[in-house]
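Colleague: Structure incoming, see below.
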């Protein structure tokens with residue numbers, strides 16, 4: 001079965017429909033193709049074999065190309081332990097080993113998981129970046145309690161699916177970009193410090209030579225207070241699912 005697994009995405013580069021910059025520091029970058037990663041992994045009870053581990057320019061972790069028993073190929077998020085030739089399966093009664101995908105409520109307390117569904121059937125939305133994994137703390141009253149990397153403990157429906165293990169490439173945070181040019185290849189344009197600007201351009205701007213900030217609270221270019229101010233909506237529906245706030 002032949003499946004198209006890559007496509008070209010239109011670049012926005014931080015511009016709106018009029019071509020004006022609405023998000024700073026974005027633009028340029030090397031040409032890249034988007035890999036259609038299967039976050040749902042909804043081929044239930046069909047054995048798959050890892051055909052290759054590949055780089056994906058749109059994400060920090062590696063991806064794996066899986067060939068299933070029926071001949072179909074799909075890309076999935078690779079786990080840290082995954083090797084070419086390994087067999088994986090998505091099933092309600094899948095063996096509890098890294099790379100397999102199963103219901104959260106089946107996973108033993110203390111295990112680590114990634115690519116977690118927040119709404120059953122919607123596909124993995126939580127814990128998808130390189131090296132990430134969250135720990136299962138409890139299974140009770142239809143919910144699974146997860147300890148996130150930030151330290152937050154939250155409830156997720158136990159009827160959702162998650163993959164056992166840790167996302168591949170945990171060394172991602174040790175990567176050194178090394179030169180300004182590589183930043184440009186990644187589509188990141190230069191960031192100018194507020195203190196180097198004129199007073200009309202930034203609250204930190206102006207002054208003769210190096211000057212202190214001149215404002216008590218740290219602010220954005222537009223005068224919005226940042227650094228220490230809580231930005232989460234107090235009426236957000238999912239607040240009731242958070243058992244312990246992040247540190």
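Colleague: For residue 47 and residue 184, what does the FRET efficiency come to when R0 = 45 Å and r is the distance between their Cβ atoms, rounded to the nearest 0.05?
Modeller: That pair, residue 47 with residue 184, gives E of 0.55.
Colleague: By average Cβ neighbour count within 10 Å, what is the ranking of 74-82, 179-187 from highest down?
Modeller: Details: 74-82: 21.7, 179-187: 12.8.
Top to bottom by mean Cβ count within 10 Å: 74-82, 179-187.
Colleague: Can you tell me the equivalent ellipsoid semi-axes for the range 115-242? Use √(5λ) from the Cα gyration tensor, largest first, whole Å. Provide the component values of the computation, followed by the final result.
Modeller: Numbers: eigenvalues 317, 99, 29 Å².
Values for the range 115-242, descending: 40, 22, 12 Å.
Colleague: Next question. Mind jotting down the distance between the C-alpha centroids of the range 47-116 and the range 183-247, whole Å?
Modeller: That distance is 38 Å.
Colleague: Using bins 5 angstrom wide from zero, how does P(r) for the range 192-247 break down, in % of all Cα pairs?
Modeller: Going out from 0 Å in 5 Å bins, the range 192-247 shows 4, 16, 21, 15, 10, 9, 9, 9, 5, 2, 0 percent.
Colleague: Still on this model: Go ahead and run the numbers for FRET between residue 226 and residue 140, Cβ-Cβ distance against an R0 of 41 Å, rounding to 0.05. List each step's numbers first, then the result.
Modeller: On the way: r = 38 Å, r/R0 = 0.93.
Result of the calculation: an efficiency of 0.60.
Colleague: Which number comes out as Rg/Rh for the range 180-220 once both Rg and the Kirkwood Rh are worked out on C-alpha atoms? Can you show the working numbers first?
Modeller: Values: Rg = 13.2 Å, Rh = 11.8 Å.
So for the range 180-220, dividing Rg by the Kirkwood Rh gives 1.12.
Colleague: At a threshold of 8 angstrom on Cα-Cα distance, excluding pairs fewer than six apart, so keeping six or more, what relative contact order does the range 6-172 reach in percent? Please list the in-between numbers first.
Modeller: Numbers: 402 pairs, mean separation 33.8, N = 167.
Reported as a whole number, the value is 20 percent.
Colleague: Round to a whole angstrom and tell me the spacing of the C-alpha centers of the range 121-146 and the range 1-36.
Modeller: Taking the Cα centre of the range 1-36 as reference, the centre of the range 121-146 is 29 Å away.
Colleague: Extension gain residue 152-residue 54, at 0.36 nm per residue separation less the Cα-Cα distance, in nm?
Modeller: On the way: separation 98, 0.36 × 98 = 35.28 nm, distance 3.14 nm.
Full extension from residue 152 to residue 54 adds 32.1 nm.
Colleague: Rounded to the nearest 500, what is the chain's calculated 222 nm mean residue ellipticity when only DSSP H runs of at least 4 contribute -39500 (n - 2.57) each, over all residues? Show your work: numbers first, answer last.
Modeller: Values: 1 runs with 6 residues, N = 247.
That comes out to -500 deg cm²/dmol.
Colleague: Looking at the calculated P(r) for the chain, what percent of the C-alpha pair distances fall above 29 Å?
Modeller: 47
Colleague: Then there is this: Once you have the Cα-Cα distance between residue 67 and residue 175, take 0.36 nm times their residue separation minus that, and quote the gain in nm to one decimal. Mind dumping the intermediate values first?
Modeller: Details: separation 108, 0.36 × 108 = 38.88 nm, distance 3.07 nm.
Stretched fully, the residue 67-residue 175 segment lengthens by 35.8 nm.
Colleague: Name the most mobile residue of 141, 152, 208, meaning the one with the largest mean-square fluctuation, in a Gaussian network model of the chain with Cα contacts below 10 Å.
Modeller: Looking only at 141, 152, 208, the biggest GNM fluctuation is shown by 208.
Colleague: Could I ask something else about it? If R0 is 25 Å, what FRET efficiency do you get for residue 96 and residue 240 from their C-beta distance, rounded to 0.05?
Modeller: Once the sixth-power term is evaluated, E becomes 0.30.
Colleague: Where is the GNM fluctuation largest for the chain (alpha-carbon springs, 10 angstrom cutoff): 11, 236, 122?
Modeller: 236
Colleague: Take the chain, connect every pair of alpha-carbon atoms lying under 10 Å apart with a spring to form a Gaussian network, then pick out the residue of 173, 100, 115 with the largest mean-square fluctuation.
Modeller: Largest GNM mean-square fluctuation: 173.
Throughout, read-outs are computed from the coordinates displayed, never taken from laboratory work. What you see is a predicted model, and the numbers here were worked out from it, not measured in a lab. Glycine also receives a Cβ, built like all others from the backbone with ideal geometry; neighbour counts cover every protein chain displayed.
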